[in-house]
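Read-outs: derived from the displayed coordinates by stated rules, not from any lab. None of these values were measured; they are calculated from a predicted model. With ideal geometry, Cβ positions are generated from the backbone for all residues, glycine too; neighbour counts draw on all protein chains shown.
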Amino acid sequence: MNSEQLNQQYGIGQQVVFSEGKGGLPVIQVNNEQAKALISVYGGQVLAFQPAHAQQQLLFVSQQAYYQPGKAIKGGVPICWPWFGPDLEGKGRPAHGFMRNRMWEVISTALTPEGAVQIVLGATDTAETRAIWSRAFALQLEITIADTLNLELTTRNTGTQPCTITQAFHPYFQVGDIRQTSVTGLENTRYIDKVSDNMEREQLGAVTIDAEVDRIYQAVGSSDLVIHDQAWQRRIRITSKGNRTAVVWNPWAKRSAAMSDLGDEDYLRFICVETTNAATDRAHIPPNSEVKLTANYKIEQD
Ligand SMILES: O=P(O)(O)OC[C@H]1O[C@@H](O)[C@H](O)[C@@H](O)[C@@H]1O
């Protein structure tokens, strides 16, 4: 369906409008009293979210991002699925799975009685996906745009064999200055340090960033993770369900400069704090069963 047909079938007045975005890829613009958002149907990726009370956008998107079939859009909230990180089977498949690199289907759009906008995108296995990953699945992403941004990713195993996945919401949170940013809620948890040969370490105090950081925090408890963005005098509160791990990533200067879809100075302007099933935190799904991964993002202005 092109964006005009999508709009006819799923548009809701001025509040939910489908149009052609960059690279001709369909996007959904949400605009109501509670918030504004932009969602790419390609990748099932929220690209922008700003509640009415907030002075700044929640998410970072690179000016140099690709908007091309087969490539991931650098920024917003990419969906890593059905694996997180590199292809562990060494088959040359894309890092972070194949769902951030393809078109999703629009399943439904609705206004809730509380005035929120709810959009459901989905995907099922095809000959093309089975050539990459042999499993039968039905995937649904429910995006709720209100005063907060809520994401719920449901994976249903529609095959006859059990299957195992790793997955993530990989948000690029915009910050005023990474050098004045810290993350709390991970104190005293152990993490795999991907920039130090996967050594295991313990987090002492808040996470601060003054070099490349790439860590998988394990046995993450039920407490919220909070990004303290001092430069913009705000906090981003992350509440999640369905995960036992969380990833903190910032590429810092050298890696930022080496990435063709990221500006040299961009590492100063974002932090990824990811809700994950990563490393040994895997989701096992029996046939005809499902698992859910949920994250809620709230901006608290000082
Ligand atoms: O594929 P993207 O969006 O550039 O993100 C890459 C990064 O994603 C993070 O989730 C990983 O922990 C990093 O190891 C990786 O480098």
For segment 159-166, take each phi angle, set θ = phi - 60°, evaluate the Karplus expression 6.51 cos²θ - 1.76 cosθ + 1.60, and give the result in whole Hz per residue in order, putting x for glycine and proline.
x, 9, 10, x, 9, 10, 10, 10
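To the nearest 20 Debye, how big is the dipole of segment 110-209 about its Cα centre, given +1 on the beta carbon of each Lys and Arg and -1 on that of each Asp and Glu?
300 debye
Given 0.36 nm per residue, what is the gain on full extension from residue 204 to residue 136 after removing their alpha carbon distance, in nm?
On the way: separation 68, 0.36 × 68 = 24.48 nm, distance 4.22 nm.
Net length gain for the segment: 20.3 nm.
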Summed residue charge, Cβ within 15 Å of residue 108's Cβ, Lys/Arg positive, Asp/Glu negative:
-3
Quick check: net charge around residue 150, other residues with Cβ under 13 Å of its Cβ, Lys/Arg +1 and Asp/Glu -1?
0
Using only the Cα atoms of segment 1-159, what semi-axes does the equivalent ellipsoid have when each is the square root of 5 times a gyration tensor eigenvalue? Give whole Å, largest first.
27, 17, 15
Taking the C-alpha atoms of segment 3-301, convex hull volume expressed per residue in Å³
133 Å³
Ellipticity estimate at 222 nm from DSSP helix runs (n ≥ 4, -39,500 (n - 2.57)) divided over the chain, nearest 500:
-1500 deg cm²/dmol
Can you list the HN-Hα couplings for segment 191-199, worked out from phi with the Karplus curve (6.51, -1.76, 1.60; θ = phi - 60°), rounded to whole Hz and with x for Gly and Pro?
9, 8, 9, 6, 8, 10, 6, 6, 5
Count of lysine pairs, segment 3-301, Cα-Cα under 14 Å, sep. 8 or more residues or interchain, comes to 4
Rounded to whole Å, give me the distance from the Cα center of segment 4-55 to that of segment 217-272.
24 Å
Where the only charges are on Cβ atoms (+1 Lys, Arg; -1 Asp, Glu), what is the dipole of segment 1-109 about its Cα centre, to the nearest 20 debye?
320 debye
